[in-house]
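Scroll down for the structure; my scribbles are underneath it.
Any read-out appearing in this document is the output of simple, stated calculations on the displayed coordinates, not a laboratory observation. Computed from a predicted structure; not experimentally measured. Methodologically, a virtual Cβ is constructed for each residue, glycine included, from the backbone with ideal geometry; neighbour enumeration extends over all protein chains shown.
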Amino acid sequence: MNKIFHFDSSPEPYAADAAVLCCFDQRIRLATNKFLQRQGILRPDMIVVAGGAKTLASPRNDFEREFILEQVRMSVRLHHTKHVFLMSHSDCATYGGLEAFGNDRQREMEHHRHELQRAAELVHANFPDLTAKCFFLTFEGVHSSEPILSRVA
Ligand SMILES: [Zn+2]
């Protein structure tokens, strides 16, 4: 193969600070990255898929949910992950956007709070040793939902 780009990356093995499940929506990418840095998540295993935490809470099919659970499993096995960040965001097209909530931001956020809760329950049921943290991103920042069902070590 022809080398077409030079960039030095660290080849050192790492333990992931968290597995991060988030939407591929480009509008919230920068906020997601900045937020993770602020949280001290410098080595995340990013699981970036349409809908983010929706793939666990309200998957389109069983395959989708199983695939995501397998990605978390791999993160644990390969990078000793102990935390999962579950994320969803405002105006997500997989939910029909803000419009699906009558352009009511409160209603939308409330719906996502339940979705994130369900995703956290699923993570807890499958990975009792992991802690799940829930976050909802808007175009103004990040909201956290109470850590749910996380087992105190
Ligand atoms: Zn989205």
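Of all residues in the range 14-68, count the ones that are within 16 Å of the ligand (Cβ to nearest atom) and either in contact with a helix residue (DSSP H, G or I) (Cβ under 6 Å, 6 or more places away or on another chain) or free of Cβ contacts under 8 Å to residues at least 24 places away in the same chain (or both). Give the derivation first.
The initial filter retains those residues of the range 14-68 that are within 16 Å of the ligand (Cβ to nearest atom), namely 20-33, 35, 46-60, 64, 68.
When the remaining residues are screened for being either in contact with a helix residue (DSSP H, G or I) (Cβ under 6 Å, 6 or more places away or on another chain) or free of Cβ contacts under 8 Å to residues at least 24 places away in the same chain (or both), the result is 22, 26, 29-30, 33, 47, 49-51, 53-57, 59-60, 64, 68.
Result for the range 14-68: 18.
Looking at the range 52-65, is at least one residue aliphatic (A, V, I, L, M) and not in a helix (DSSP H, G or I)?
Yes: one or more hits.
List pairs: first residue in the range 119-132 and within 13 Å of ALA18 (Cβ to Cβ), second residue in a helix (DSSP H, G or I) and aliphatic (A, V, I, L, M) anywhere in the structure, Cβ distance under 6 angstrom, at least six positions apart or on different chains.
Filtered contacts from the range 119-132: ALA132/ALA120; ALA132/VAL123.
Have a look at PHE67, PHE24, PHE35 and point out the one that is aromatic (Phe, Trp, Tyr) and closer than 20 Å to ALA125 by Cα. Give the derivation first.
Values: PHE24 fails: closer than 20 Å to ALA125 by Cα; PHE35 fails: closer than 20 Å to ALA125 by Cα.
The unique qualifying residue is PHE67.
Which count do you get for residues in the range 79-109 that are free of Cβ contacts under 8 Å to residues at least 24 places away in the same chain and either closer than 28 Å to THR131 by Cβ or in contact with a Ser or Thr (Cβ under 7 Å, 6 or more places away or on another chain) (or both)?
Residues flagged as free of Cβ contacts under 8 Å to residues at least 24 places away in the same chain and either closer than 28 Å to THR131 by Cβ or in contact with a Ser or Thr (Cβ under 7 Å, 6 or more places away or on another chain) (or both) within the range 79-109 amount to 3.
I'm trying to understand the selection: among the residues of the range 69-88, which are crowded, with 24+ Cβ neighbours inside 10 Å and either over 13 Å from VAL20 (Cβ atoms) or within 16 Å of the ligand (Cβ to nearest atom) (or both)?
Matches in the range 69-88: PHE85, LEU86, MET87, SER88.
Go through ALA120, ALA125 for me and flag whichever is over 22 Å from PHE35 (Cα atoms) and out of contact with any helix residue (DSSP H, G or I) (no Cβ under 8 Å at 6 or more places or on another chain).
ALA125
Check the range 22-31 and report whether any residue there is hydrophobic (A, V, I, L, M, F, W, C) and part of a strand (DSSP E or B).
yes
For residues in the range 107-121 being within 14 Å of the ligand (Cβ to nearest atom) and over 16 Å from the mean Cα position of the chain (by Cα), which is nearest to ALA15 (Cα to Cα)?
My answer is HIS111.
Of (1) buried (at least 16 other Cβ atoms within 10 Å of the Cβ); (2) assigned to a loop (DSSP other than H, G, I, E, B), HIS112 satisfies all except one. Which?
Looking at each condition in turn, HIS112 falls short on (2).
So, of the residues in the range 89-106 that are part of a loop (DSSP other than H, G, I, E, B) and of a type outside the set (Gly, Ala, Ser), which turns out to be nearest to the ligand (Cβ to nearest atom)?
Going residue by residue through the range 89-106, those that are part of a loop (DSSP other than H, G, I, E, B) are 90-92, 96-97, 102-104.
If we keep only those that are of a type outside the set (Gly, Ala, Ser) too, we end up with 91-92, 103-104.
Values: ASP91: 8, CYS92: 3, ASN103: 17, ASP104: 18 Å.
Applying the filter and picking the extreme gives CYS92.
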